[in-house]
Structure formats: structure tokens, C-alpha cells
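S.K.: Sharing a structure below in C-alpha cells format, with a few things to ask.
Read-outs: derived from the displayed coordinates by stated rules, not from any lab. Because the structure is a prediction, the values reported are computed rather than measured. Virtual Cβ from ideal backbone geometry, glycine too; neighbours counted across all protein chains shown.
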């Protein structure tokens, strides 16, 4: 029998070719970029303890104390997928609100902003991101919320990002489109290609005090080079664990090279903002030695709340009162660990355990998932005011992704009063206390995920106990206003030390 060449055997599916295509363009774009040592001007480091107070930042005579970012304290009938706003009054609560919402259940974020205004300098932030208005995911939602907050505080923001002819987000701030390519097989993803002369001129006219880069793609490297050449402070935020995708897509042989690029990119940033301690440790292990600062995420605990439970929604979806709802909410791409969720639901069904599985979200994996789970209700992509009702009307949240740098949907589920079963990875470990508000399982071990899911589905008292604990953790810990206020403090430090005024 003729043996298939080894290289061809490595790329036997469209998803593997897609990722390889992205990686090749990425390598070509950065190959000729000169590495510049930005540490000649500033070299901050951070020491922190889990949910504790970190030490001061210091560099020579510059010593700044910032607040800690973390507080101590059968295929369904199409008719069965309703417009939640039409049947659930609670869904109107958020519909007309801005992206910056209430942060602690007692005062709105707008009120927090008014209190915080006047502190620090007014900055001019040039933000580059590969995801802003053309796709609704954790990165784009966080950055839109961030920009809205910054503008409300009186800072100036220029956003550079790819877009398309049918953006799904009414974006915050001024957006200057960056040339991009549609990724084959992933039509909702755009890959930025180059920073045009016009965009460089716009940056020069804007005169940023801080350049914030959220995506280390070809344009991210070019924006970084521009900032170095103009002696502008560079802040980079780590949102997506790209290197973890390599082994998932059968490209493990490229992982070391991907880490080489990652190390070079983030070592040219004055600050690198990481969402969890585990990510910071991993970056340090791979050679990112300076400028690592914790920048976690928040959750609007007024929007995501058990009060949004909607019996009418469950009735419309034909879910019985004694059927615990096992929810998954995310972008439907296989690297989110979707196969584990599929396996769990199939095991629950095979054992005749009473439940109803619901999936909120959309993406290229949806069609295949619907084939694998014909008895599952697929709601499609949802806005926050809809998703909040879906969370609160569910009973258990399963999220097996091991590629999350934080996992905003986990925080949303906790705030909504759901016990969670998540992958034991760096992001979820920031939120989930094993056995208290949920369980952490080995990322690819479907059997362990199933055991924990079964325990929660069949024990209502356990669900109630973990529900209360998860809600308390979310309310006490993850505050958007505090998260963004600390970011502004970081900007102030950088602008003072680096950027010419």
C-alpha cells in the first residue's frame, strides 16, 4: 500500500489548513521586522499573590503604587427558538443600556466613572486590535467596553482594527479600518495585513501618549515598530492563547517557533497586561521576563443576575420544570473544547438522566454540533440582554475550553447563579474554587466532566449551594470600573516614563 507523505498526513482537514494559512502569513509579516530592545527606557515587573495585594512597581527613582486589580473581599423546531426580548420582560432591562454597565449590584459604572474622573492625566490612546466590531467575542466585547469607559473619563481614543461590510457590534469610539483578509472557512474572522501610509499619518496626527496593542498579528507587529520608532509607550494586552491552538490543530511541531515569536513580541512591550496569574507564569516560563501586570476582567452583576430567570423562556422552549438545563455559551469553534460538551450530553442521554441541553452562540462548528446533538436546543448568537436571561434560566454551566486566558462567560454564569464545570486551566482557576462554586476537570477528560455534570444535574441542593457561592464570588471580586481604573493608572505610569508630550 502506498504510504502518504508525512506532511500531507499532518494536514487532513480544512481547519488544519486554515490555521497553517494564518501562521504562514504571520511568519512572513514579521520575518523582516527588526527586534528593538524597549527595555532601555523602562523595565517594570510585578509580584503578586492569589487574590492578594501586589507589591509596588519600581524603576530607579520612579516608584508608583497602584490599586490591586482583584478585590479581597432531534433537531429542534425553529419555532422553539424565540426572540427572548419578546417573551421575557427582564431582557428589556439591558437593551437600551450602554456597554459600560453596573459593576457591583449597587451603583452603576457611570456613577463610578464620575467619582474617578479628575484623577491622573488625560491620555491619548491608540488601540490596535484584530477583533473589534466585525465579530462578537470576549475580546471585542471587552475592548469596546474599555473604549467606552476611557471616553467617558475624558481620554482620547483612536481604534485601528479590521472590519467588514456587516459589523455585528455598534462599536465604541472612532474606528479607522485596517486592510484585512477573510480567513478561509472562518468567514467571521478577519486577518489584518498591513499598516498603510495613511494609517501611519493618522497615528502621527493623533500623537498618542500610549499605543495599546491587543493582537500580535502582522499589523500588531507593525504598530509596535511604529511606536518604537516614535518613542511612544507600548502597552500590550494578552487576550488569546494562540500557541495553545497549535497542538489542538495537529501543528505541535510549530509550537516552539510560535513561542519564539510570542517572546519577541511581548519583550518589546513596556507593559504586558495578563488576565490571570497562570498566564503570567506561563509567559515568564517562555522568556517574557519584564513588564507583566495583572489586568483581569469584570462582570456586570446587575445584567447577569439570578433575578433574570425567565419561566416564560423555559416554557417557550418546552423545558419542563423538573429538567435541569445544562448550558454552554460561547463562540462555536472546536478549539473551545466543544467535543467534551458533546460527549457529556451524549453520556447524560445514554444513562437516561433527566436534563435539557442548551447551547447559546454561533460559529463554524454549529452545524456539526447540531448533527451530533439532535435533542439539544441551539439558540444562536445572543446579545447581553438575551444571554442574561438564558444564563439565569439554566441550572448548570459547562465550559471545557482550555485555551481561555480568562473566561468571561464563566464569570457571567457565576454572576447568574450557575454552578460551573470548567477546564482546569489558568483562566478558570482565577474564578472557580473547586467544590465551592463548581468543579475543575482535566481539559480533555470527558469522563471527569461527565461525573461532575451528573453530580450537579442530579443534586438540586448541591446546585443551590454552589449557585449562592458563585454569585457571591462574582459580586465581590470582578468589577469592571476597578479593572479599567487600574488600566488607566498603568497608562499614566507609562506615559510619564516614556512618551513625549
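S.K.: Would you order 183, 498, 125 from fewest to most other beta-carbon atoms within 10 Å of each residue's own beta-carbon?
M.R.: Going from sparsest to densest Cβ surroundings: 183, 498, 125.
S.K.: Using the alpha-carbon centroid of each, what span in Å lies between the range 250-296 and the range 438-501?
M.R.: 21
S.K.: Same structure again: Tell me, in nm to one decimal, what length is gained between residue 166 and residue 281 on full extension, where the rule is 0.36 nm per residue of separation less the Cα-Cα distance?
M.R.: Between residue 166 and residue 281, full extension yields 37.5 nm more.
S.K.: Moving to a separate point now. Could you list 378, 206 in order of exposure, starting from the residue whose Cβ has the fewest other Cβ atoms within 10 Å?
M.R.: If I rank by nearby Cβ atoms, fewest first, I get 206, 378.
S.K.: Fewest to most neighbouring Cβ within 10 Å: what's the order for 348, 372?
M.R.: Fewest-to-most ranking of 348, 372: 372, 348.
S.K.: In nm, give the distance between the simple-model label positions of residue 339 and residue 315, each being 7 Å from the Cα along the Cα-to-Cβ direction.
M.R.: In this crude spin-label approximation the distance works out to 4.2 nm.
S.K.: Please give the contour-minus-distance gain from residue 455 to residue 174: 0.36 nm per residue of separation, less the Cα-Cα distance, rounded to one decimal in nm.
M.R.: Gain on stretching residue 455 to residue 174: 96.3 nm.
S.K.: Ordered by packing density, taken as the mean number of other Cβ atoms within 10 Å over each peptide's residues, highest first, how do 193-200, 299-306 rank?
M.R.: With the highest mean Cβ count within 10 Å placed first, the list reads 299-306, 193-200.
S.K.: According to the square roots a ≥ b ≥ c of the eigenvalues of the Cα gyration tensor, what is the shape class of the range 375-501, taking rounded for a/c under 1.5, prolate for a/b larger than b/c otherwise, and oblate for the remainder?
M.R.: In terms of gyration-tensor shape, prolate.
S.K.: If you don't mind, there's one more thing I want to ask. I'd like the FRET efficiency for residue 367 and residue 445, computed as 1/(1 + (r/R0)^6) with the beta carbon distance as r and R0 of 35 Å, rounded to 0.05.
M.R.: It comes to 0.85.
S.K.: Once the piece of chain linking residue 353 and residue 206 is laid out straight, how much longer is it, given 0.36 nm per residue of separation minus the C-alpha distance between them?
M.R.: Stretched fully, the residue 353-residue 206 segment lengthens by 46.9 nm.
S.K.: I need the calculated FRET efficiency for the pair residue 322 and residue 194, taking r as the beta carbon distance and R₀ as 60 Å, to the nearest 0.05.
M.R.: The computed FRET efficiency comes out at 0.55.
S.K.: Quick one: compute the contact order of the range 306-476, relative version, from alpha carbon pairs under 8 angstrom and 6+ residues apart, as a percent.
M.R.: Once normalised by length, the contact order is 24 percent.
S.K.: To continue, here is another question. From the Cα gyration tensor of the range 306-476, with a ≥ b ≥ c the square roots of its eigenvalues, which class applies: rounded if a/c is under 1.5, or else prolate if a/b is larger than b/c, or else oblate?
M.R.: Here the range 306-476 falls in the rounded category.
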